[in-house]
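**Q** Let me give you the structure first, and then I'll get to my questions.
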């Protein structure tokens, strides 16, 4: 099965080898026909700890690395 790839902005890099990424998605409301924005946070593994707050990153689904981490950083500039 192919792994999902999402694009988002890093909002926290305080933890070692972990970044928190905010991913925003837009969709059309089924009844109101209005564009709606929803945001979700993902904990992603960053082996080198080189990613900083505010950077745009691509994250990829992976096997669980800890209780919350199921994603890993693919690239630092999306």
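The values are calculated or read from the model by the stated rules, or taken from the named source; none is laboratory data. Predicted model, so just to flag it, every value in this text is computed and none were measured. We place every Cβ from the backbone using ideal geometry, glycine too, and count neighbours over all the protein chains shown.
Residue-by-condition table, conditions (1) part of a loop (DSSP other than H, G, I, E, B); (2) out of contact with any strand residue (DSSP E or B) (no Cβ under 9 Å at 6 or more places or on another chain); (3) exposed (fewer than 13 other Cβ atoms within 10 Å of the Cβ):
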| position | (1), (2), (3) |
| --- | --- |
| 7 | no, no, no |
| 25 | no, no, yes |
| 30 | yes, yes, yes |
| 42 | no, no, no |
| 49 | yes, no, yes |
| 64 | yes, yes, yes |
| 72 | no, no, no |
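**Q** I need the full set of residues from segment 9-23 which are more than 18 Å from residue 70 (Cβ to Cβ) and out of contact with any strand residue (DSSP E or B) (no Cβ under 6 Å at 6 or more places or on another chain), in order please.
**A** 14
**Q** Can you name the condition, by its number, that residue 21 falls short on among (1) at pLDDT 95 or above; (2) part of a loop (DSSP other than H, G, I, E, B)?
**A** With respect to (1) at pLDDT 95 or above; (2) part of a loop (DSSP other than H, G, I, E, B), residue 21 is out only on (2).
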